[in-house]
1. Given points 7 Å out from each Cα along the Cα-Cβ axis, report the N71 to I22 separation in nanometres with one decimal.
2. Can you tell me the length gained on complete extension of the stretch D10 to Y46, counting 0.36 nm per residue apart and subtracting the Cα distance?
3. Å³ per residue of the Cα convex hull, for segment 18-75?
4. Taking θ as phi - 60°, what are the ³J(HN,Hα) couplings along segment 30-43 by the Karplus curve (6.51, -1.76, 1.60), each to the nearest whole Hz, with x for Gly and Pro?
5. Could you give the length gained by full extension between H53 and R78, i.e. 0.36 nm per residue of separation minus their alpha carbon distance, to one decimal place?
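Every number here is computed from the coordinates shown, using simple stated rules; none is lab data. These numbers come from a predicted model, not from an experiment. Every residue, glycine as well, gets a Cβ built from its backbone with ideal geometry; the counts of neighbours run over all protein chains shown.
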Amino acid sequence: PLSPLALQPDACATSFDAVSTIRGELFFFKSGYVWRLRERQLQQGYPALASRHWRGLPRHVDAAYEDASGNIWFFQGRQP
């Protein structure tokens, strides 16, 4: 089987599945991975598997949203 690094998407690719600001940081999601930027800097250890932060998260995220209460919502597929 391939290692997680072999499956890691190319950070130079300009298409992402979702982009969201969560707790003041910018998160980019693609194919089960997440990039985390703080103060315009990619944080050490990223990209990383999104499941490292959010257990049970589907491999493909279409949108992510943090509400006023600090809850983080992830969406997959078409929403009515």
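1. 1.6 nm
2. Fully extending the segment from D10 to Y46 adds 11.8 nm.
3. Output value, Cα hull per residue: 73 Å³.
4. 7, 6, x, 10, 9, 10, 10, 10, 10, 6, 6, 10, 5, 6
5. My answer for the length gained is 6.6 nm.
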